[in-house]
Amino acid sequence: MKKEEIRRQVLGIVPEELTEFDKLESNNHSLFDKWSNDREGRECLYYYVSREKKYKKRAPLDEIVNSVMRYEDQGKFDRGDFKEVCEIANRDGDCGYVIVGRILENLTDARYINRKLGFR
């Protein structure tokens with residue numbers, strides 16, 4: 001897929017279809033807050049790490065799109081890929097890996113395997 005097509009698809013599923021992002025190995029969820037530009041003008045998906053809505057984090061749309069492209073190229077997306085492709089989301093912690101991974105599952109055939117293998 002091309003970047004613009006992936007971008008449209010991501011914006012189409014979040015939040016219309018995807019508002020809760022299941023954590024990888026627990027029963028908790030991260031919750032969609034909004035799409036908005038950060039201080040540097042990047043369009044970002046903002047989300048809360050828990051239902052208590054204490055900690056708001058972000059994942060730039062461009063990083064999400066690049067993650068989908070990486071998965072389509074390599075057939076995998078693990079924490080190493082996340083750290084490389086999602087520099088800004090990674091700064092906010094590992095929670096962004098869950099957000100990107102759950103979007104991958106909705107747009108592609110990716111499925112979470114385990115901590116070592118990530119999404120395949």
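The values are calculated or read from the model by the stated rules, or taken from the named source; none is laboratory data. Every value quoted in this text rests on a predicted model; they were computed, and no experiment measured them. All Cβ positions, glycine included, derive from the backbone under ideal geometry; neighbour counts span all protein chains shown.
Taken together, the residues in the stretch 1-14 that are buried (at least 16 other Cβ atoms within 10 Å of the Cβ) and either in contact (Cβ under 8 Å) with a residue 60 or more places away in the chain or in a loop (DSSP other than H, G, I, E, B) (or both) amount to 4. Within the stretch 84-98, the set of residues being buried (at least 19 other Cβ atoms within 10 Å of the Cβ) and either β-branched (Val, Ile, Thr) or in a loop (DSSP other than H, G, I, E, B) (or both) comprises VAL85, CYS86, VAL98. In summary, LEU18 fulfils each of the numbered conditions (1) of a type in the set (A, V, I, L, M); (2) touching a residue at least 60 places away in the same chain (Cβ under 8 Å); (3) not in a loop (DSSP other than H, G, I, E, B) with the single exception of condition (3).
Test each condition in (1) free of Cβ contacts under 8 Å to residues at least 24 places away in the same chain; (2) over 21 Å from THR108 (Cα atoms); (3) part of a helix (DSSP H, G or I) for LYS34 and report the one that comes out false. In the conditions (1) free of Cβ contacts under 8 Å to residues at least 24 places away in the same chain; (2) over 21 Å from THR108 (Cα atoms); (3) part of a helix (DSSP H, G or I), LYS34 misses (3) alone. Of note, ARG51 does not satisfy the criterion of being surrounded by 14 or more Cβ atoms within 10 Å (Cβ to Cβ) and either out of contact with any Phe, Trp or Tyr (no Cβ under 6 Å at 6 or more places or on another chain) or touching a residue at least 12 places away in the same chain (Cβ under 8 Å) (or both). Would you call GLY101 touching a residue at least 12 places away in the same chain (Cβ under 8 Å), of a type outside the set (Ser, Thr, Tyr) and not in a helix (DSSP H, G or I)? When the stated conditions are applied, GLY101 does not pass them.
Kindly provide the set of residues from the stretch 15-40 that are polar (S, T, N, Q) and surrounded by fewer than 16 Cβ atoms within 10 Å (Cβ to Cβ), ordered by number.
Filtering the stretch 15-40 down to residues polar (S, T, N, Q) leaves 19, 26-28, 30, 36-37.
Answer for the stretch 15-40, where residues must be polar (S, T, N, Q) and surrounded by fewer than 16 Cβ atoms within 10 Å (Cβ to Cβ): THR19, SER26, ASN27, ASN28, SER36, ASN37.
Residues of the stretch 17-50 that are at pLDDT 90 or above and among the basic types (Lys, Arg): LYS34, ARG39, ARG42. Filtering ARG70, ARG79 for residues that are in contact with a strand residue (DSSP E or B) (Cβ under 8 Å, 6 or more places away or on another chain), at pLDDT 95 or above and farther than 20 Å from VAL14 by Cβ leaves a single hit, ARG79.
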